[in-house]
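Remarks on the structure that follows.
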Amino acid sequence: MDAQQQGGVVKKKETRGRKPKPKDDKKDEQHHSSSAKAKKSHQQPSVDDKYTQWKSVVPVLYDWLSNHNLVWPSLSCRWGPQLEQATYKNRQRLYLSEQTDGSVPNTLVIANCEVVKPRVAAAEHISQFNEEARSPFVKKYKTIIHPGEVFIWDVEAQPNRHAVFGATNSRPDLILTGHQDNAEFALAMCPTEPYVLSGGKDKSVVLWSIQDHISTAATGSGGSIIKNTKPGDGNEKAVDGPIVAPRGVYYGHEDTVEDVTFCPSSSQEFCSVGDDSCLILWDARTGSSPAVKVEKAHDADLHCVDWSPHDDNLILTGSADNSVRMFDRRNLTSGGVGAPIHKFEGHKAAVLCVQWSPDRSSVFGSSAEDGLLNIWDYEKIPVHAIDHGLATNSYLCTVNDNYCRLGRRLSMTSKKSSFSSGLFFQHAGHRDKIVDFHWNASDPWTIVSVSDDCDTTGGGGTLQIWRMSDLLYRPEEEVLAELEKFKSHVVSCTSKA
(Lines give C-alpha, C1' and ligand atoms only; values in the text may rest on other atoms or scores of the structure.)
Protein backbone atom coordinates (compact mmCIF):
# COMPACT_ATOMS: atom_id res chain seq x y z
CA MET A 1 0.00 0.00 0.00
CA ASP A 2 1.31 3.41 -0.94
CA ALA A 3 0.49 5.19 2.30
CA GLN A 4 1.21 8.67 1.01
CA GLN A 5 -0.84 8.43 -2.17
CA GLN A 6 -3.63 5.96 -1.48
CA GLY A 7 -3.77 5.87 2.28
CA GLY A 8 -3.37 8.48 4.96
CA VAL A 9 -2.66 8.71 8.64
CA VAL A 10 -5.74 9.98 10.39
CA LYS A 11 -6.17 10.81 14.04
CA LYS A 12 -9.04 12.61 15.68
CA LYS A 13 -8.07 16.01 16.96
CA GLU A 14 -10.19 16.91 19.95
CA THR A 15 -11.16 20.50 20.57
CA ARG A 16 -9.67 22.28 23.52
CA GLY A 17 -12.29 22.60 26.25
CA ARG A 18 -15.62 22.49 24.44
CA LYS A 19 -18.11 20.08 22.95
CA PRO A 20 -18.72 20.15 19.18
CA LYS A 21 -22.20 21.11 17.98
CA PRO A 22 -23.95 20.76 14.65
CA LYS A 23 -24.77 23.83 12.56
CA ASP A 24 -28.49 23.38 13.31
CA ASP A 25 -28.03 24.37 16.95
CA LYS A 26 -26.81 27.84 16.14
CA LYS A 27 -30.12 29.69 16.55
CA ASP A 28 -30.37 28.95 20.26
CA GLU A 29 -26.73 29.93 20.78
CA GLN A 30 -27.17 33.18 18.90
CA HIS A 31 -30.28 34.07 20.95
CA HIS A 32 -28.45 33.62 24.26
CA SER A 33 -25.40 35.57 23.12
CA SER A 34 -27.15 38.45 21.32
CA SER A 35 -27.30 40.70 24.38
CA ALA A 36 -23.59 40.21 25.08
CA LYS A 37 -22.74 41.06 21.48
CA ALA A 38 -24.92 44.19 21.67
CA LYS A 39 -22.95 45.44 24.67
CA LYS A 40 -19.69 45.09 22.76
CA SER A 41 -20.94 46.53 19.50
CA HIS A 42 -20.29 50.15 20.51
CA GLN A 43 -16.71 49.34 21.51
CA GLN A 44 -15.40 47.47 18.47
CA PRO A 45 -16.61 46.12 15.11
CA SER A 46 -18.46 42.83 15.42
CA VAL A 47 -17.36 39.61 13.76
CA ASP A 48 -20.09 40.08 11.16
CA ASP A 49 -18.96 43.65 10.45
CA LYS A 50 -15.38 42.53 9.86
CA TYR A 51 -16.59 39.69 7.68
CA THR A 52 -18.70 42.06 5.58
CA GLN A 53 -15.66 44.29 5.12
CA TRP A 54 -13.58 41.34 4.01
CA LYS A 55 -16.20 40.07 1.57
CA SER A 56 -16.45 43.47 -0.10
CA VAL A 57 -12.79 43.28 -1.21
CA VAL A 58 -12.72 39.57 -2.18
CA PRO A 59 -12.71 40.38 -5.95
CA VAL A 60 -9.60 42.51 -5.40
CA LEU A 61 -7.64 40.20 -3.11
CA TYR A 62 -8.40 36.75 -4.53
CA ASP A 63 -7.90 34.91 -7.79
CA TRP A 64 -10.36 32.21 -6.63
CA LEU A 65 -12.37 31.38 -3.51
CA SER A 66 -14.85 28.65 -2.66
CA ASN A 67 -16.89 28.53 0.57
CA HIS A 68 -18.29 25.22 1.85
CA ASN A 69 -20.64 24.95 4.84
CA LEU A 70 -20.03 22.04 7.23
CA VAL A 71 -22.72 20.56 9.49
CA TRP A 72 -20.05 19.35 11.95
CA PRO A 73 -16.69 21.04 12.59
CA SER A 74 -13.74 19.61 10.70
CA LEU A 75 -10.62 19.84 12.83
CA SER A 76 -8.16 18.74 10.16
CA CYS A 77 -7.87 19.04 6.38
CA ARG A 78 -5.37 17.66 3.89
CA TRP A 79 -4.97 17.68 0.14
CA GLY A 80 -4.69 14.29 -1.55
CA PRO A 81 -3.45 13.31 -4.99
CA GLN A 82 -4.46 15.13 -8.15
CA LEU A 83 -6.89 12.93 -10.11
CA GLU A 84 -7.47 14.75 -13.37
CA GLN A 85 -6.31 17.84 -15.26
CA ALA A 86 -8.62 19.78 -17.57
CA THR A 87 -8.51 23.09 -19.41
CA TYR A 88 -9.96 25.31 -16.72
CA LYS A 89 -9.80 23.22 -13.55
CA ASN A 90 -8.21 20.17 -11.95
CA ARG A 91 -9.86 17.45 -9.89
CA GLN A 92 -8.15 16.52 -6.64
CA ARG A 93 -8.76 14.50 -3.50
CA LEU A 94 -9.44 16.32 -0.25
CA TYR A 95 -9.44 14.67 3.20
CA LEU A 96 -11.43 16.07 6.14
CA SER A 97 -12.08 14.91 9.67
CA GLU A 98 -15.55 15.39 11.13
CA GLN A 99 -16.01 15.66 14.89
CA THR A 100 -19.49 15.20 16.31
CA ASP A 101 -21.09 15.36 19.75
CA GLY A 102 -21.65 11.59 19.84
CA SER A 103 -25.17 11.58 18.39
CA VAL A 104 -23.58 10.26 15.19
CA PRO A 105 -20.09 8.76 14.76
CA ASN A 106 -16.94 10.75 14.08
CA THR A 107 -15.86 10.31 10.47
CA LEU A 108 -13.12 10.77 7.94
CA VAL A 109 -14.56 12.35 4.79
CA ILE A 110 -12.91 11.82 1.42
CA ALA A 111 -14.04 14.45 -1.08
CA ASN A 112 -13.36 15.25 -4.71
CA CYS A 113 -12.56 18.90 -5.24
CA GLU A 114 -12.65 20.88 -8.47
CA VAL A 115 -9.75 23.32 -8.22
CA VAL A 116 -10.22 26.22 -10.64
CA LYS A 117 -6.99 27.19 -12.39
CA PRO A 118 -5.39 30.62 -11.95
CA ARG A 119 -6.92 33.56 -13.80
CA VAL A 120 -10.03 31.61 -14.80
CA ALA A 121 -12.68 32.62 -12.23
CA ALA A 122 -14.54 35.88 -12.85
CA ALA A 123 -14.08 38.45 -10.09
CA GLU A 124 -17.82 39.01 -9.67
CA HIS A 125 -18.43 35.28 -9.15
CA ILE A 126 -15.93 34.47 -6.40
CA SER A 127 -17.58 36.83 -3.90
CA GLN A 128 -21.17 35.77 -4.64
CA PHE A 129 -21.47 32.73 -2.40
CA ASN A 130 -23.99 31.71 0.25
CA GLU A 131 -22.35 31.11 3.63
CA GLU A 132 -25.05 28.59 4.57
CA ALA A 133 -24.68 26.47 1.41
CA ARG A 134 -22.30 23.80 0.24
CA SER A 135 -19.85 24.57 -2.52
CA PRO A 136 -20.45 23.06 -5.97
CA PHE A 137 -16.68 22.52 -6.15
CA VAL A 138 -16.60 20.07 -3.22
CA LYS A 139 -18.33 16.69 -3.59
CA LYS A 140 -18.28 13.97 -0.94
CA TYR A 141 -16.80 10.78 -2.39
CA LYS A 142 -16.58 8.44 0.58
CA THR A 143 -17.10 8.36 4.35
CA ILE A 144 -15.11 6.26 6.85
CA ILE A 145 -16.42 5.85 10.39
CA HIS A 146 -13.43 6.65 12.58
CA PRO A 147 -13.03 4.82 15.94
CA GLY A 148 -10.38 7.22 17.27
CA GLU A 149 -6.63 7.33 17.96
CA VAL A 150 -3.92 6.47 15.40
CA PHE A 151 -4.72 4.38 12.33
CA ILE A 152 -3.59 3.84 8.75
CA TRP A 153 -6.31 3.76 6.09
CA ASP A 154 -6.19 2.70 2.47
CA VAL A 155 -8.97 5.08 1.55
CA GLU A 156 -9.44 3.73 -1.97
CA ALA A 157 -10.09 0.21 -0.68
CA GLN A 158 -12.27 1.20 2.28
CA PRO A 159 -16.04 0.81 1.71
CA ASN A 160 -18.27 3.87 1.87
CA ARG A 161 -20.23 4.08 5.12
CA HIS A 162 -23.26 5.96 6.44
CA ALA A 163 -22.57 7.86 9.65
CA VAL A 164 -25.68 7.08 11.69
CA PHE A 165 -26.06 6.42 15.40
CA GLY A 166 -25.05 2.87 16.27
CA ALA A 167 -23.19 2.26 13.01
CA THR A 168 -20.26 -0.17 13.16
CA ASN A 169 -16.82 1.41 12.99
CA SER A 170 -14.82 1.10 9.80
CA ARG A 171 -11.99 -1.44 10.06
CA PRO A 172 -8.55 0.23 9.93
CA ASP A 173 -5.93 -1.23 7.63
CA LEU A 174 -3.35 -0.80 10.40
CA ILE A 175 -3.60 0.07 14.10
CA LEU A 176 -0.60 1.88 15.55
CA THR A 177 -0.15 1.09 19.25
CA GLY A 178 2.20 2.45 21.88
CA HIS A 179 0.48 5.35 23.63
CA GLN A 180 -0.65 4.90 27.23
CA ASP A 181 -3.18 7.75 27.09
CA ASN A 182 -5.11 9.72 24.47
CA ALA A 183 -3.15 10.84 21.40
CA GLU A 184 -5.38 13.78 20.59
CA PHE A 185 -3.46 16.31 18.54
CA ALA A 186 0.07 15.48 17.43
CA LEU A 187 0.52 13.47 14.22
CA ALA A 188 2.97 13.51 11.31
CA MET A 189 4.06 11.34 8.41
CA CYS A 190 7.61 11.28 7.08
CA PRO A 191 7.85 12.70 3.52
CA THR A 192 10.73 10.40 2.51
CA GLU A 193 9.97 7.02 4.12
CA PRO A 194 6.84 5.28 5.51
CA TYR A 195 7.34 6.40 9.10
CA VAL A 196 4.66 7.85 11.37
CA LEU A 197 5.02 10.03 14.45
CA SER A 198 2.53 10.85 17.19
CA GLY A 199 2.38 12.59 20.56
CA GLY A 200 -0.18 12.43 23.33
CA LYS A 201 -1.37 13.13 26.85
CA ASP A 202 1.04 10.50 28.14
CA LYS A 203 3.81 13.07 27.43
CA SER A 204 5.46 10.69 24.97
CA VAL A 205 6.43 10.81 21.31
CA VAL A 206 5.93 7.50 19.48
CA LEU A 207 7.58 6.44 16.20
CA TRP A 208 6.33 3.69 13.88
CA SER A 209 7.36 2.18 10.56
CA ILE A 210 4.41 1.18 8.39
CA GLN A 211 6.54 -1.54 6.80
CA ASP A 212 6.65 -3.30 10.16
CA HIS A 213 3.15 -4.62 9.44
CA ILE A 214 4.78 -7.22 7.15
CA SER A 215 6.62 -8.81 10.08
CA THR A 216 3.53 -8.39 12.24
CA ALA A 217 1.46 -10.38 9.75
CA ALA A 218 4.15 -13.08 9.60
CA THR A 219 3.88 -13.68 13.36
CA GLY A 220 0.12 -14.14 13.07
CA SER A 221 -0.83 -11.15 15.22
CA GLY A 222 -2.79 -9.44 12.44
CA GLY A 223 -6.47 -9.05 13.22
CA SER A 224 -6.00 -8.75 16.96
CA ILE A 225 -8.46 -6.83 19.12
CA ILE A 226 -7.31 -3.86 21.17
CA LYS A 227 -9.13 -1.62 23.56
CA ASN A 228 -9.37 1.96 22.45
CA THR A 229 -10.99 4.12 25.10
CA LYS A 230 -10.78 7.50 26.70
CA PRO A 231 -10.07 7.51 30.42
CA GLY A 232 -13.21 7.83 32.44
CA ASP A 233 -15.73 7.48 29.64
CA GLY A 234 -16.76 4.02 30.83
CA ASN A 235 -17.09 2.77 27.29
CA GLU A 236 -14.58 0.22 25.99
CA LYS A 237 -14.57 -0.06 22.22
CA ALA A 238 -12.84 -2.95 20.52
CA VAL A 239 -11.13 -2.04 17.27
CA ASP A 240 -10.33 -4.88 14.91
CA GLY A 241 -7.30 -4.70 12.64
CA PRO A 242 -3.62 -5.62 12.24
CA ILE A 243 -1.41 -4.04 14.89
CA VAL A 244 1.92 -2.29 14.39
CA ALA A 245 4.09 -1.84 17.49
CA PRO A 246 6.29 1.26 17.82
CA ARG A 247 9.90 1.49 16.70
CA GLY A 248 10.54 3.76 19.65
CA VAL A 249 8.88 5.70 22.47
CA TYR A 250 10.53 8.98 23.47
CA TYR A 251 10.13 10.79 26.78
CA GLY A 252 11.25 14.34 27.51
CA HIS A 253 8.11 16.43 27.80
CA GLU A 254 6.52 17.21 31.15
CA ASP A 255 3.03 17.82 29.78
CA THR A 256 0.82 16.91 26.79
CA VAL A 257 2.61 16.75 23.44
CA GLU A 258 0.62 19.03 21.12
CA ASP A 259 2.40 18.60 17.77
CA VAL A 260 5.20 16.68 16.06
CA THR A 261 6.99 16.90 12.72
CA PHE A 262 9.77 15.11 10.85
CA CYS A 263 12.94 16.62 9.50
CA PRO A 264 12.11 16.62 5.75
CA SER A 265 15.37 14.88 4.84
CA SER A 266 15.44 12.18 7.54
CA SER A 267 13.02 9.66 9.01
CA GLN A 268 15.20 9.41 12.12
CA GLU A 269 15.17 13.10 13.06
CA PHE A 270 12.04 14.84 14.31
CA CYS A 271 10.84 17.44 16.77
CA SER A 272 7.92 17.99 19.13
CA VAL A 273 6.25 20.76 21.12
CA GLY A 274 3.93 20.66 24.09
CA ASP A 275 2.02 22.30 26.88
CA ASP A 276 5.27 22.47 28.88
CA SER A 277 6.43 25.29 26.54
CA CYS A 278 9.26 23.08 25.30
CA LEU A 279 10.60 22.50 21.80
CA ILE A 280 12.45 19.17 21.65
CA LEU A 281 14.59 17.82 18.81
CA TRP A 282 15.05 14.04 18.65
CA ASP A 283 17.44 11.71 16.81
CA ALA A 284 16.31 8.07 16.88
CA ARG A 285 19.82 6.93 15.94
CA THR A 286 21.29 8.20 19.21
CA GLY A 287 18.69 6.86 21.64
CA SER A 288 15.40 7.84 23.23
CA SER A 289 16.58 10.97 25.08
CA PRO A 290 16.20 14.46 23.61
CA ALA A 291 18.99 15.57 21.29
CA VAL A 292 18.15 19.22 22.03
CA LYS A 293 15.56 20.57 24.47
CA VAL A 294 14.59 24.25 24.46
CA GLU A 295 12.95 24.71 27.84
CA LYS A 296 11.19 28.02 27.20
CA ALA A 297 10.57 28.21 23.48
CA HIS A 298 7.51 30.44 24.08
CA ASP A 299 5.87 32.19 27.01
CA ALA A 300 2.91 29.76 27.02
CA ASP A 301 1.78 26.35 25.76
CA LEU A 302 3.06 25.41 22.30
CA HIS A 303 0.34 24.22 19.90
CA CYS A 304 2.12 23.61 16.60
CA VAL A 305 5.46 23.09 14.88
CA ASP A 306 6.68 22.73 11.29
CA TRP A 307 10.11 21.96 9.85
CA SER A 308 11.07 23.77 6.64
CA PRO A 309 11.05 21.49 3.56
CA HIS A 310 13.51 23.90 1.92
CA ASP A 311 16.07 24.35 4.73
CA ASP A 312 16.70 21.66 7.36
CA ASN A 313 17.87 24.29 9.83
CA LEU A 314 14.64 26.30 10.09
CA ILE A 315 11.77 25.34 12.41
CA LEU A 316 8.52 27.25 13.07
CA THR A 317 6.51 27.10 16.31
CA GLY A 318 3.13 28.58 17.27
CA SER A 319 1.86 29.18 20.77
CA ALA A 320 -0.92 30.29 23.08
CA ASP A 321 1.12 33.49 23.55
CA ASN A 322 -0.29 34.53 20.12
CA SER A 323 3.09 34.46 18.38
CA VAL A 324 4.98 32.44 15.79
CA ARG A 325 8.70 31.96 16.30
CA MET A 326 11.39 30.79 13.91
CA PHE A 327 14.34 28.81 15.24
CA ASP A 328 17.63 27.90 13.57
CA ARG A 329 18.71 24.57 14.98
CA ARG A 330 22.37 25.51 14.51
CA ASN A 331 21.82 28.08 17.26
CA LEU A 332 20.41 25.53 19.70
CA THR A 333 22.54 23.60 22.19
CA SER A 334 22.06 20.36 24.10
CA GLY A 335 21.74 22.47 27.25
CA GLY A 336 18.52 24.01 25.98
CA VAL A 337 20.05 27.39 25.24
CA GLY A 338 18.86 29.11 22.09
CA ALA A 339 16.67 32.06 21.19
CA PRO A 340 14.45 32.29 18.10
CA ILE A 341 15.96 34.17 15.17
CA HIS A 342 12.66 36.04 14.76
CA LYS A 343 9.28 36.47 16.42
CA PHE A 344 6.22 37.01 14.23
CA GLU A 345 3.45 38.82 16.06
CA GLY A 346 0.35 39.30 13.94
CA HIS A 347 -2.32 37.33 15.78
CA LYS A 348 -4.57 38.40 18.65
CA ALA A 349 -5.25 34.89 19.98
CA ALA A 350 -3.57 31.51 20.31
CA VAL A 351 -1.84 30.20 17.18
CA LEU A 352 -3.16 26.74 16.29
CA CYS A 353 -1.34 25.83 13.07
CA VAL A 354 1.86 26.81 11.22
CA GLN A 355 3.00 25.49 7.86
CA TRP A 356 5.71 26.32 5.36
CA SER A 357 4.78 26.93 1.74
CA PRO A 358 5.81 24.00 -0.50
CA ASP A 359 6.55 26.46 -3.32
CA ARG A 360 8.41 29.42 -1.78
CA SER A 361 11.23 28.77 0.68
CA SER A 362 10.72 31.98 2.66
CA VAL A 363 6.90 31.89 2.83
CA PHE A 364 4.75 30.25 5.51
CA GLY A 365 1.26 30.51 6.95
CA SER A 366 -0.18 30.61 10.47
CA SER A 367 -3.78 30.30 11.66
CA ALA A 368 -5.21 31.15 15.04
CA GLU A 369 -8.22 31.42 17.31
CA ASP A 370 -8.66 35.03 16.12
CA GLY A 371 -10.10 33.69 12.85
CA LEU A 372 -7.17 34.89 10.73
CA LEU A 373 -4.83 32.97 8.47
CA ASN A 374 -1.67 35.05 8.05
CA ILE A 375 0.77 34.59 5.19
CA TRP A 376 4.33 35.65 5.99
CA ASP A 377 7.54 36.09 4.02
CA TYR A 378 10.64 36.33 6.19
CA GLU A 379 12.68 37.61 3.24
CA LYS A 380 10.62 40.81 3.51
CA ILE A 381 12.21 41.42 6.90
CA PRO A 382 15.45 43.46 6.69
CA VAL A 383 18.48 41.72 8.17
CA HIS A 384 18.77 44.26 10.99
CA ALA A 385 15.06 43.77 11.76
CA ILE A 386 15.83 40.14 12.45
CA ASP A 387 18.92 41.01 14.46
CA HIS A 388 17.44 43.89 16.48
CA GLY A 389 13.67 43.45 16.31
CA LEU A 390 12.93 46.46 14.10
CA ALA A 391 9.39 46.74 12.77
CA THR A 392 8.82 47.02 9.04
CA ASN A 393 6.38 45.77 6.45
CA SER A 394 6.72 44.95 2.78
CA TYR A 395 4.02 44.19 0.27
CA LEU A 396 1.30 44.25 2.88
CA CYS A 397 -2.18 43.27 1.78
CA THR A 398 -4.94 43.11 4.35
CA VAL A 399 -8.42 44.36 5.16
CA ASN A 400 -8.49 47.28 7.54
CA ASP A 401 -11.30 49.83 7.93
CA ASN A 402 -12.86 48.54 4.73
CA TYR A 403 -9.92 49.14 2.41
CA CYS A 404 -6.99 47.23 0.98
CA ARG A 405 -3.40 48.36 0.83
CA LEU A 406 -0.80 46.94 -1.52
CA GLY A 407 2.59 48.52 -1.44
CA ARG A 408 5.86 48.91 0.40
CA ARG A 409 6.31 50.45 3.83
CA LEU A 410 9.78 51.95 3.89
CA SER A 411 9.84 52.97 7.54
CA MET A 412 12.72 51.24 9.35
CA THR A 413 12.11 52.23 12.93
CA SER A 414 11.88 50.36 16.20
CA LYS A 415 8.45 51.86 16.92
CA LYS A 416 5.55 49.45 16.97
CA SER A 417 3.96 49.15 13.54
CA SER A 418 0.25 48.63 12.93
CA PHE A 419 1.18 45.42 11.13
CA SER A 420 3.78 42.77 11.89
CA SER A 421 7.13 42.50 10.20
CA GLY A 422 7.08 39.97 7.37
CA LEU A 423 3.27 39.81 7.14
CA PHE A 424 1.98 40.44 3.63
CA PHE A 425 -1.48 38.83 3.49
CA GLN A 426 -4.33 38.09 5.90
CA HIS A 427 -7.14 35.73 4.99
CA ALA A 428 -10.14 36.94 7.01
CA GLY A 429 -12.87 34.79 5.47
CA HIS A 430 -13.52 32.69 8.57
CA ARG A 431 -15.61 34.05 11.42
CA ASP A 432 -14.23 31.73 14.09
CA LYS A 433 -11.05 29.92 15.07
CA ILE A 434 -9.12 28.42 12.11
CA VAL A 435 -8.06 25.06 13.45
CA ASP A 436 -6.19 23.77 10.40
CA PHE A 437 -5.07 24.63 6.86
CA HIS A 438 -2.98 23.02 4.14
CA TRP A 439 -1.03 24.35 1.16
CA ASN A 440 -1.73 22.55 -2.12
CA ALA A 441 1.56 21.13 -3.43
CA SER A 442 -0.06 20.43 -6.83
CA ASP A 443 -1.38 23.98 -7.19
CA PRO A 444 0.95 26.58 -5.62
CA TRP A 445 -0.64 29.36 -3.57
CA THR A 446 -3.93 27.43 -3.29
CA ILE A 447 -4.89 26.77 0.34
CA VAL A 448 -7.67 24.86 2.07
CA SER A 449 -8.64 26.06 5.56
CA VAL A 450 -11.25 24.95 8.11
CA SER A 451 -12.79 26.75 11.07
CA ASP A 452 -14.71 25.51 14.08
CA ASP A 453 -17.69 27.88 14.23
CA CYS A 454 -18.98 27.01 17.71
CA ASP A 455 -18.38 30.46 19.22
CA THR A 456 -19.88 32.60 16.44
CA THR A 457 -22.70 30.52 14.97
CA GLY A 458 -23.27 27.97 17.71
CA GLY A 459 -21.93 24.95 15.84
CA GLY A 460 -20.70 23.38 12.65
CA GLY A 461 -17.79 24.65 10.63
CA THR A 462 -16.63 26.29 7.45
CA LEU A 463 -14.27 25.02 4.77
CA GLN A 464 -12.72 27.49 2.35
CA ILE A 465 -10.48 26.88 -0.65
CA TRP A 466 -8.77 30.01 -1.83
CA ARG A 467 -5.94 31.51 -3.82
CA MET A 468 -4.77 35.09 -3.43
CA SER A 469 -4.26 37.25 -6.52
CA ASP A 470 -0.85 36.69 -8.09
CA LEU A 471 -0.39 40.46 -8.18
CA LEU A 472 0.35 40.19 -4.47
CA TYR A 473 3.30 37.79 -4.55
CA ARG A 474 4.87 38.07 -8.01
CA PRO A 475 8.02 40.22 -8.40
CA GLU A 476 7.25 43.92 -8.11
CA GLU A 477 8.77 44.83 -11.49
CA GLU A 478 6.71 42.16 -13.23
CA VAL A 479 3.48 43.29 -11.59
CA LEU A 480 4.09 46.96 -12.37
CA ALA A 481 4.83 46.11 -16.00
CA GLU A 482 1.56 44.19 -16.28
CA LEU A 483 -0.42 47.01 -14.67
CA GLU A 484 1.18 49.55 -16.99
CA LYS A 485 0.27 47.40 -19.97
CA PHE A 486 -3.30 47.14 -18.71
CA LYS A 487 -3.42 50.89 -18.18
CA SER A 488 -2.25 51.48 -21.77
CA HIS A 489 -4.91 49.09 -23.03
CA VAL A 490 -7.65 50.93 -21.11
CA VAL A 491 -6.48 54.30 -22.42
CA SER A 492 -6.39 52.93 -25.95
CA CYS A 493 -9.91 51.55 -25.68
CA THR A 494 -11.18 54.83 -24.21
CA SER A 495 -9.68 56.93 -26.98
CA LYS A 496 -11.25 54.71 -29.66
CA ALA A 497 -14.62 55.05 -28.00
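The values are calculated or read from the model by the stated rules, or taken from the named source; none is laboratory data. Bear in mind that the values here come from a model prediction, so they are computed numbers and not experimental data. Note: ideal-geometry Cβ built from the backbone for every residue, glycine included; neighbour counts use all protein chains shown. For the accessible areas, the whole protein counts, side chains as well, though only heavy atoms, and no ligand, DNA or RNA atoms are used. Shrake-Rupley method; radii C 1.70, N 1.55, O 1.52, S 1.80 Å.
Taking all protein chains as they are arranged and a probe of 1.4 Å, the heavy atoms of H342 leave approximately 20 Å² accessible to solvent. You can think of it this way: the chain between L483 and H162 has 110.4 nm of extra reach, that is 0.36 nm per residue less the Cα-Cα gap.
Considering only protein heavy atoms and a probe of 1.4 Å, how much of the accessible area of the range 277-348 is carbon and sulfur, as a whole percent? Here carbon and sulfur together make up 43 percent of the probe-accessible area.
Computed extension length for Q85-A339: 86.9 nm, one decimal, from 0.36 nm per residue of separation with the Cα-Cα distance subtracted. Applying 1/(1 + (r/R0)^6) with r as the Cβ-Cβ distance of S442 and S103 and R0 = 25 angstrom yields a FRET efficiency of 0.10. Subtracting the Cα-Cα distance of D255 and D181 from their residue separation scaled by 0.36 nm leaves 25.4 nm. Which shape class, rounded, prolate or oblate, goes with the range 50-193 when its Cα gyration tensor gives a ≥ b ≥ c as root eigenvalues, a/c under 1.5 marks rounded, and past that a/b bigger than b/c marks prolate? Prolate is the answer for the range 50-193, as a/c is 1.5 or above and a/b outweighs b/c. For the residues D63, D311, D452, a 1.4 Å probe over the protein chains yields an accessible-area ranking, largest first, of D311, D63, D452.
Peptides 122-134, 74-86 ranked from most to least packed, by the mean per-residue count of other Cβ atoms within 10 Å: 74-86, 122-134. The accessible surface of the range 435-497, taken with every protein chain in place and a 1.4 Å probe, is 60 percent carbon and sulfur.
Sorted largest first by accessible area at a 1.4 angstrom probe radius, with every protein chain in place, the residues K117, K142, K487 fall in the order K487, K117, K142.
Apolar share of the accessible surface for the range 57-211: 49 percent from carbon plus sulfur atoms, 1.4 Å probe.
Remark: C-alpha extents of the range 131-198 on the principal axes read 39, 32, 26 Å, sorted largest to smallest. For the set K433, K140, the ranking by accessible area, highest first and with no ligand, DNA or RNA atoms included, is K140, K433 under a 1.4 Å probe.
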